[in-house]
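The values are calculated or read from the model by the stated rules, or taken from the named source; none is laboratory data. Keep in mind the model is a prediction, meaning the values are calculated, not measured. No Cβ is skipped: glycine too gets one built from the backbone with ideal geometry, and neighbour counts run over all protein chains shown. Just the protein is used for accessible areas: all its heavy atoms, side chains included, with ligands, DNA and RNA removed. Shrake-Rupley method; radii C 1.70, N 1.55, O 1.52, S 1.80 Å.
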Amino acid sequence: MTKLFTPTEVAEGSLLLGRWQLQNDELYTPLLGGVIKTIVTGSDQLTLTVANRHHPLMPSHYWAVRVNHTAWRRYSAALPIEVALPAERNLVEIMTAGNTDLDDVWSGNQGFALTKLELKGAGRLIKPSPRPVVAIYGDSITAGCWVNGYGASSDYRPEQNFVGLAQDKIDVDLARVAYSAAGVLRPATGGVPVAIDWLDHFNAQTPWPPHPVSLSVINLGVNDRRFSEADFATA
């Protein structure tokens, strides 16, 4: 027996960190480091189905999953994602963990998309109790690019960069909004414009309404070093 959860049901039974949107029967985000956090009861196996919408000339997307704060395990979006659940009640964290600079996440639709979640048996999804949320806006340092080497997608490690490590040290939830190469004056990769345009947008078509957070952290400027100090200050 398997119980199927639609993207809408996953969203209702989870805490979504980052910027997620229900669209075209999918739970979708353009961002690295987005997290779906849920409590699963009554099941010993979880299966994720995701749409692997990477640029056709570039490597597959990656997702990362961990259960009950154990080590993260990475999965190529090109293969089935099956996760063993060891206890009756399990905290499951699902993270968007690898893409490439050529994936068009701004004007196209080459972000991360979850299409369904299945639980073996009569499992349930329970939304975790909310904690204070800190929003972190930045570039590849915040997104978690190039943490493990120089291979795009496979060597991106948002689960292991400073945000990934910090989320295990402090009693808050961290929501990151970050793009590779992003700056105040320099556009980001993936067709993403300069920061003033993406700070309040989900993508080129969709504004992102303000969400209550306890603190906002902005870590931008490294990619603007090619511009003059005066131009940077003005921008």
Separation in nanometres of the label points that stand 7 Å from Cα toward Cβ, at Val222 and Glu9: 4.1
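Is the C-alpha gyration tensor of region 11-67 telling us rounded, prolate or oblate? Criteria: a/c under 1.5 is rounded; beyond that, a/b larger than b/c is prolate, otherwise oblate.
On the way: a/c = 1.94, a/b = 1.50, b/c = 1.30.
Judged from the Cα gyration tensor, region 11-67 comes out prolate (a/c at least 1.5, a/b above b/c).
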Considering only protein heavy atoms and a probe of 1.4 Å, how much of the accessible area of the chain is carbon and sulfur, as a whole percent? 55
Taking only the alpha-carbon positions of the chain and ignoring solvent, what does the Debye formula give for the base-10 log of I(q)/I(0) at q = 0.08, 0.10, 0.17, 0.18 Å⁻¹? -0.28, -0.44, -1.28, -1.43
Reduced Cα scattering model of region 102-235, Debye log10 I(q)/I(0), q = 0.22 Å⁻¹: -1.45
Please give me, ordered by residue number, the GluC sites (Glu not before Pro) of region 13-92 that lie in loop per DSSP and have at most 16 other Cβ atoms within 10 Å. Glu88
What percentages make up the Cα-Cα pair-distance distribution of region 1-116 when the bins are 5 Å wide from 0? 2, 12, 22, 26, 20, 11, 5, 2, 0
Can you pull out the trypsin sites (Lys or Arg not before Pro) in region 173-235 that DSSP calls coil and that have at most 16 other Cβ atoms within 10 Å? Arg225, Arg226
Between Phe162 and Asn68, how high is the FRET efficiency from 1/(1 + (r/R0)^6) when r is the Cβ-Cβ distance and R₀ = 22 Å? Nearest 0.05. 0.45
Spacing of the two label points (7 Å from each Cα toward its C-beta) at Glu88 and Leu22, in nm: 3.1
Keeping all protein chains in place, calculate the accessible area per residue for region 7-159 (probe 1.4 angstrom), answer in Å². 39
Decide, for region 135-175, between rounded, prolate and oblate: order the square roots of the alpha carbon gyration tensor eigenvalues as a ≥ b ≥ c, take rounded if a/c falls under 1.5, and otherwise choose prolate if a/b is larger than b/c, else oblate. prolate
Three principal axis extents, largest first, for the C-alpha atoms of region 35-92, in Å? 42, 18, 15
Cα→Cβ-extended label distance, 7 Å offset, between Lys37 and Asp155, nm: 3.0
Here the net charge surrounding Ser153, from other residues whose Cβ is less than 13 Å away from its Cβ (Lys, Arg +1; Asp, Glu -1), is 0
